[in-house]
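Beneath this line is the structure, given in structure tokens, with notes to follow.
The values are calculated or read from the model by the stated rules, or taken from the named source; none is laboratory data. The model shown is predicted, which means the values in this text are computed figures rather than measured ones. Every residue, glycine among them, receives a Cβ derived from its backbone with ideal geometry; neighbour counts consider all protein chains shown.
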Amino acid sequence: MDILVLFSNYFLILVITQGLVTSIIDYKSFKKAGMNNTARKARIIGIGEISISLVMYLIARTLY
């Protein structure tokens, strides 16, 4: 298996995990602490991170 494809798969798994932690767990902890603006930003960053990585993964899969 090509090393670039393997790296892309692992990168996608890592970034999706990171995005889920940011958008779910960090969101809840910020909301509980009363930091509503930061909680909203954490959710936006998490969702954006997941969507950007998915787009990059799909582009890499179609080009290579």
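G46 satisfies every condition listed in (1) small (G, A, S); (2) modelled with pLDDT under 95; (3) in contact with a Leu (Cβ under 9 Å, 6 or more places away or on another chain) except (2). Scanning segment 47-64 for residues that are of a type in the set (A, V, I, L, M, F, W, C) and within 15 Å of the chain's Cα centre (by Cα) turns up I47, I50, I52, L54, V55, M56, L58.
Report whether or not V5 is modelled with pLDDT under 95 and among the β-branched types (V, I, T). Yes: the conditions hold for V5. Scanning segment 14-58 for residues that are loosely packed, with under 12 Cβ neighbours inside 10 Å and β-branched (V, I, T) yields T17, V55.
All but one of (1) without any contact (Cβ under 8 Å) to a residue 40 or more places away in the chain; (2) out of contact with any helix residue (DSSP H, G or I) (no Cβ under 6 Å at 6 or more places or on another chain) hold for Y27, so report the exception by its number. Y27 satisfies all of (1) without any contact (Cβ under 8 Å) to a residue 40 or more places away in the chain; (2) out of contact with any helix residue (DSSP H, G or I) (no Cβ under 6 Å at 6 or more places or on another chain) except (2).
Can we say L20 is out of contact with any His (no Cβ under 7 Å at 6 or more places or on another chain) and touching a residue at least 60 places away in the same chain (Cβ under 8 Å)? Criteria not met by L20.
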